[in-house]
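I have placed the structure first, in the form of C-alpha coordinates, so that the comments after it can refer back to it.
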Amino acid sequence: WYFYQDGTIQLEVKLTGIISNGAVPPGEKPRWGDLVAPQVYGPIHQHFFNVRLDMLVDGLRNSVYEVNTVADPPGPENPHESAFHTEAVLLRSEAEAQRILDPLAGRFWKIVNPSVLNLLGEPVGYKLVPGENVLPFAGPGASVTRRAGFMTRHLWVTRYDPRERYAAGDYPNQHPGGGGLPGYVRDDAPLENTDVVVWYTFGAHHVVRPEDWPVMPVTYIGFSLKPVGFFDRNPAL
(Lines give C-alpha, C1' and ligand atoms only; values in the text may rest on other atoms or scores of the structure.)
Protein backbone atom coordinates (compact mmCIF):
# COMPACT_ATOMS: atom_id res chain seq x y z
CA TRP A 1 0.00 0.00 0.00
CA TYR A 2 1.16 3.54 -0.80
CA PHE A 3 -0.28 6.66 0.85
CA TYR A 4 0.40 9.93 -0.93
CA GLN A 5 0.23 13.53 0.28
CA ASP A 6 -2.43 14.35 -2.33
CA GLY A 7 -4.80 11.90 -0.65
CA THR A 8 -4.27 9.06 -3.15
CA ILE A 9 -4.20 5.49 -1.82
CA GLN A 10 -2.53 2.98 -4.14
CA LEU A 11 -2.38 -0.79 -3.94
CA GLU A 12 0.45 -2.44 -5.83
CA VAL A 13 0.79 -6.20 -6.12
CA LYS A 14 4.18 -7.53 -7.21
CA LEU A 15 4.45 -10.90 -8.92
CA THR A 16 7.66 -12.87 -9.35
CA GLY A 17 8.95 -16.40 -8.91
CA ILE A 18 9.65 -19.48 -10.97
CA ILE A 19 7.14 -20.23 -13.73
CA SER A 20 5.40 -23.60 -13.91
CA ASN A 21 7.45 -24.87 -16.84
CA GLY A 22 7.15 -28.03 -18.91
CA ALA A 23 9.24 -29.97 -21.42
CA VAL A 24 8.63 -30.32 -25.18
CA PRO A 25 10.32 -32.47 -27.87
CA PRO A 26 13.08 -30.86 -29.93
CA GLY A 27 11.75 -28.54 -32.63
CA GLU A 28 8.18 -28.48 -31.28
CA LYS A 29 6.40 -25.19 -30.65
CA PRO A 30 3.91 -25.43 -27.78
CA ARG A 31 0.32 -24.38 -28.41
CA TRP A 32 -0.66 -23.31 -24.88
CA GLY A 33 2.48 -21.38 -24.04
CA ASP A 34 5.84 -20.20 -25.36
CA LEU A 35 9.40 -21.43 -25.27
CA VAL A 36 11.59 -19.88 -22.61
CA ALA A 37 14.65 -22.09 -23.20
CA PRO A 38 15.49 -25.00 -25.54
CA GLN A 39 12.78 -27.68 -25.05
CA VAL A 40 11.38 -25.76 -22.05
CA TYR A 41 8.07 -23.91 -22.27
CA GLY A 42 5.96 -21.86 -19.90
CA PRO A 43 2.14 -22.02 -20.15
CA ILE A 44 0.05 -18.91 -20.67
CA HIS A 45 -1.85 -18.27 -17.47
CA GLN A 46 -3.67 -15.69 -15.34
CA HIS A 47 -3.64 -14.55 -11.73
CA PHE A 48 -6.74 -12.94 -10.22
CA PHE A 49 -6.98 -10.85 -7.08
CA ASN A 50 -9.95 -9.34 -5.32
CA VAL A 51 -9.91 -6.65 -2.66
CA ARG A 52 -12.73 -5.98 -0.24
CA LEU A 53 -12.99 -2.23 0.37
CA ASP A 54 -15.32 -1.39 3.25
CA MET A 55 -15.88 2.20 2.16
CA LEU A 56 -16.55 4.89 4.74
CA VAL A 57 -16.34 8.16 2.80
CA ASP A 58 -16.82 10.70 5.59
CA GLY A 59 -19.44 8.47 7.20
CA LEU A 60 -21.48 5.30 6.80
CA ARG A 61 -24.03 6.47 4.23
CA ASN A 62 -22.40 6.15 0.80
CA SER A 63 -23.52 5.72 -2.81
CA VAL A 64 -21.59 4.42 -5.82
CA TYR A 65 -21.62 5.88 -9.33
CA GLU A 66 -20.17 4.58 -12.57
CA VAL A 67 -18.60 7.41 -14.58
CA ASN A 68 -17.99 7.23 -18.34
CA THR A 69 -16.71 9.82 -20.78
CA VAL A 70 -18.95 10.44 -23.80
CA ALA A 71 -18.19 12.36 -26.99
CA ASP A 72 -20.71 15.09 -27.86
CA PRO A 73 -22.40 14.70 -31.26
CA PRO A 74 -21.40 17.20 -33.94
CA GLY A 75 -23.70 20.19 -34.20
CA PRO A 76 -24.10 23.88 -33.34
CA GLU A 77 -22.88 23.29 -29.77
CA ASN A 78 -19.92 21.23 -30.98
CA PRO A 79 -18.89 22.72 -34.33
CA HIS A 80 -15.28 21.53 -34.07
CA GLU A 81 -16.26 18.01 -32.91
CA SER A 82 -13.84 18.25 -30.00
CA ALA A 83 -16.27 18.35 -27.07
CA PHE A 84 -16.80 15.48 -24.64
CA HIS A 85 -18.25 15.16 -21.17
CA THR A 86 -18.70 12.68 -18.33
CA GLU A 87 -21.91 10.88 -17.43
CA ALA A 88 -22.41 9.40 -13.97
CA VAL A 89 -24.91 6.60 -13.36
CA LEU A 90 -25.99 5.65 -9.85
CA LEU A 91 -25.62 1.93 -9.09
CA ARG A 92 -28.84 1.48 -7.13
CA SER A 93 -28.74 -2.23 -6.26
CA GLU A 94 -26.40 -5.20 -6.06
CA ALA A 95 -27.68 -6.48 -9.40
CA GLU A 96 -26.84 -3.17 -11.11
CA ALA A 97 -23.45 -2.97 -9.42
CA GLN A 98 -21.79 -5.89 -11.23
CA ARG A 99 -19.61 -4.08 -13.73
CA ILE A 100 -16.86 -4.57 -16.30
CA LEU A 101 -14.06 -2.20 -17.21
CA ASP A 102 -14.34 -0.03 -20.32
CA PRO A 103 -11.02 1.77 -20.91
CA LEU A 104 -12.34 3.23 -24.18
CA ALA A 105 -14.88 5.17 -22.10
CA GLY A 106 -12.33 6.14 -19.45
CA ARG A 107 -14.56 4.32 -16.97
CA PHE A 108 -14.07 4.69 -13.25
CA TRP A 109 -16.27 4.32 -10.18
CA LYS A 110 -16.95 7.02 -7.62
CA ILE A 111 -18.00 6.47 -4.02
CA VAL A 112 -19.66 9.55 -2.52
CA ASN A 113 -21.38 10.65 0.66
CA PRO A 114 -24.55 12.49 -0.45
CA SER A 115 -25.07 14.01 3.00
CA VAL A 116 -21.65 15.73 3.19
CA LEU A 117 -20.90 18.52 0.72
CA ASN A 118 -17.59 20.16 -0.14
CA LEU A 119 -16.87 23.85 -0.69
CA LEU A 120 -18.42 23.69 -4.18
CA GLY A 121 -21.65 22.10 -2.98
CA GLU A 122 -20.84 18.65 -4.34
CA PRO A 123 -20.83 15.37 -2.37
CA VAL A 124 -17.41 14.41 -1.02
CA GLY A 125 -16.04 11.32 -2.70
CA TYR A 126 -13.25 8.99 -3.68
CA LYS A 127 -12.90 7.28 -7.05
CA LEU A 128 -11.55 3.86 -7.86
CA VAL A 129 -9.13 4.14 -10.77
CA PRO A 130 -8.41 0.76 -12.40
CA GLY A 131 -4.96 -0.32 -13.47
CA GLU A 132 -4.01 -3.14 -15.83
CA ASN A 133 -6.76 -5.74 -15.95
CA VAL A 134 -8.29 -8.62 -17.90
CA LEU A 135 -11.19 -11.07 -17.77
CA PRO A 136 -10.77 -14.84 -17.34
CA PHE A 137 -10.43 -16.96 -20.46
CA ALA A 138 -11.63 -20.05 -18.59
CA GLY A 139 -15.19 -20.94 -19.59
CA PRO A 140 -18.24 -20.72 -17.31
CA GLY A 141 -18.18 -24.49 -16.74
CA ALA A 142 -14.55 -24.57 -15.58
CA SER A 143 -14.01 -25.52 -11.96
CA VAL A 144 -12.05 -22.34 -11.27
CA THR A 145 -14.82 -20.15 -12.72
CA ARG A 146 -17.53 -21.89 -10.68
CA ARG A 147 -15.58 -21.62 -7.44
CA ALA A 148 -14.17 -18.14 -8.06
CA GLY A 149 -17.14 -16.49 -9.73
CA PHE A 150 -15.92 -13.09 -8.61
CA MET A 151 -13.48 -13.21 -11.55
CA THR A 152 -16.26 -12.61 -14.05
CA ARG A 153 -16.81 -8.99 -12.93
CA HIS A 154 -14.29 -6.27 -12.23
CA LEU A 155 -16.54 -4.42 -9.81
CA TRP A 156 -19.06 -5.69 -7.32
CA VAL A 157 -20.82 -3.59 -4.70
CA THR A 158 -22.64 -5.12 -1.76
CA ARG A 159 -24.50 -3.83 1.24
CA TYR A 160 -22.33 -4.30 4.32
CA ASP A 161 -22.72 -7.65 6.03
CA PRO A 162 -20.07 -8.74 8.56
CA ARG A 163 -20.47 -12.36 7.42
CA GLU A 164 -19.46 -11.53 3.82
CA ARG A 165 -15.69 -11.44 4.06
CA TYR A 166 -14.26 -13.37 1.12
CA ALA A 167 -14.89 -12.90 -2.59
CA ALA A 168 -14.81 -16.65 -3.23
CA GLY A 169 -16.70 -17.61 -0.08
CA ASP A 170 -15.47 -19.21 3.12
CA TYR A 171 -14.46 -22.60 1.67
CA PRO A 172 -13.84 -22.27 -2.09
CA ASN A 173 -12.07 -25.63 -2.36
CA GLN A 174 -15.02 -27.45 -0.80
CA HIS A 175 -18.09 -25.82 -2.35
CA PRO A 176 -19.19 -26.86 -5.88
CA GLY A 177 -19.67 -23.29 -7.07
CA GLY A 178 -21.76 -20.18 -6.68
CA GLY A 179 -20.31 -19.15 -3.33
CA GLY A 180 -18.85 -15.81 -2.40
CA LEU A 181 -19.89 -12.73 -4.35
CA PRO A 182 -22.37 -14.46 -6.71
CA GLY A 183 -24.17 -15.67 -3.59
CA TYR A 184 -23.84 -12.41 -1.67
CA VAL A 185 -25.66 -10.41 -4.37
CA ARG A 186 -28.49 -12.90 -4.91
CA ASP A 187 -30.84 -10.89 -2.70
CA ASP A 188 -30.19 -7.73 -4.80
CA ALA A 189 -30.01 -5.47 -1.75
CA PRO A 190 -30.44 -1.69 -2.30
CA LEU A 191 -27.20 0.30 -2.26
CA GLU A 192 -28.21 3.95 -2.33
CA ASN A 193 -27.07 6.09 0.61
CA THR A 194 -26.14 3.16 2.82
CA ASP A 195 -23.16 1.23 4.22
CA VAL A 196 -21.52 -0.25 1.11
CA VAL A 197 -18.62 -2.57 0.42
CA VAL A 198 -16.78 -2.22 -2.89
CA TRP A 199 -15.07 -5.34 -4.24
CA TYR A 200 -12.54 -4.85 -7.02
CA THR A 201 -11.20 -7.74 -9.12
CA PHE A 202 -7.99 -7.34 -11.08
CA GLY A 203 -6.20 -9.94 -13.16
CA ALA A 204 -2.64 -10.37 -14.38
CA HIS A 205 -2.45 -11.93 -17.84
CA HIS A 206 0.90 -13.69 -18.27
CA VAL A 207 2.06 -14.69 -21.73
CA VAL A 208 5.51 -15.98 -20.85
CA ARG A 209 8.73 -14.90 -22.55
CA PRO A 210 12.38 -15.97 -22.43
CA GLU A 211 13.10 -13.13 -20.01
CA ASP A 212 10.88 -14.89 -17.44
CA TRP A 213 13.34 -17.81 -17.23
CA PRO A 214 14.67 -19.11 -14.89
CA VAL A 215 13.23 -16.54 -12.44
CA MET A 216 10.79 -13.95 -13.76
CA PRO A 217 11.32 -10.23 -13.16
CA VAL A 218 8.72 -8.43 -11.05
CA THR A 219 5.38 -7.63 -12.70
CA TYR A 220 3.24 -4.88 -11.16
CA ILE A 221 -0.55 -4.73 -11.00
CA GLY A 222 -3.05 -2.87 -8.86
CA PHE A 223 -5.34 0.16 -8.63
CA SER A 224 -5.70 3.55 -6.95
CA LEU A 225 -8.26 5.32 -4.80
CA LYS A 226 -8.17 9.05 -5.56
CA PRO A 227 -10.04 11.86 -3.80
CA VAL A 228 -12.64 13.53 -6.01
CA GLY A 229 -14.07 16.51 -4.19
CA PHE A 230 -13.16 15.03 -0.83
CA PHE A 231 -10.89 18.04 -0.23
CA ASP A 232 -11.66 21.67 -1.01
CA ARG A 233 -8.25 22.16 -2.67
CA ASN A 234 -5.01 20.28 -3.27
CA PRO A 235 -4.14 18.78 0.16
CA ALA A 236 -0.47 18.50 -0.82
CA LEU A 237 -0.04 22.31 -0.92
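The values are calculated or read from the model by the stated rules, or taken from the named source; none is laboratory data. Since the model is a prediction, treat every value here as computed from it, not as a measurement. Every residue, glycine as well, gets a Cβ built from its backbone with ideal geometry; the counts of neighbours run over all protein chains shown. Accessible surface is based on the protein model in full, side chains and every heavy atom, while ligands, DNA and RNA are left aside. Shrake-Rupley method; radii C 1.70, N 1.55, O 1.52, S 1.80 Å.
Tabulated values for the structure
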{"read-out": "Counted residues, region 182-214 - those being surrounded by 21 or more Cβ atoms within 10 Å (Cβ to Cβ), part of a strand (DSSP E or B) and not aliphatic (A, V, I, L, M)", "value": "4"}
{"read-out": "Within region 221-237, tally of residues that are among the charged types (D, E, K, R) and either part of a loop (DSSP other than H, G, I, E, B) or open to solvent by less than 50 Å² (accessible area, probe 1.4 Å) (or both)", "value": "2"}
{"read-out": "Single residue of ASN68, ASN21 found to be under 20 Å from LEU128 (Cβ atoms) and not hydrophobic (A, V, I, L, M, F, W, C)", "value": "ASN68"}
{"read-out": "Residue within region 68-82 that is among the charged types (D, E, K, R), touching a residue at least 12 places away in the same chain (Cβ under 8 Å) and either under 15 Å from LYS127 (Cα atoms) or in contact with a helix residue (DSSP H, G or I) (Cβ under 8 Å, 6 or more places away or on another chain) (or both) present", "value": "no"}
{"read-out": "Close pairs from region 30-49: first under 22 Å from THR152 (Cα atoms), partner open to solvent by 50 Å² or more (accessible area, probe 1.4 Å) and not polar (S, T, N, Q), Cβ under 6 Å, at least 6 apart", "value": "PRO43/TRP32; ILE44/VAL207; GLN46/HIS205"}
{"read-out": "Which listed residue is within 21 Å of GLY59 (Cβ to Cβ) and not polar (S, T, N, Q), from PHE230, PHE223", "value": "PHE230"}
{"read-out": "Residue that is surrounded by the most Cβ atoms within 10 Å (Cβ to Cβ), among those in region 104-124 that are within 18 Å of the chain's Cα centre (by Cα) and small (Gly, Ala, Ser)", "value": "ALA105"}
{"read-out": "Check on PRO136, modelled with pLDDT of 95 or more and part of a loop (DSSP other than H, G, I, E, B)", "value": "yes"}
{"read-out": "Top-ranked residue in region 128-157 [being open to solvent by 50 Å² or more (accessible area, probe 1.4 Å) and in contact (Cβ under 8 Å) with a residue 60 or more places away in the chain; ranked as nearest to ASN113 (Cα to Cα)]", "value": "GLU132"}
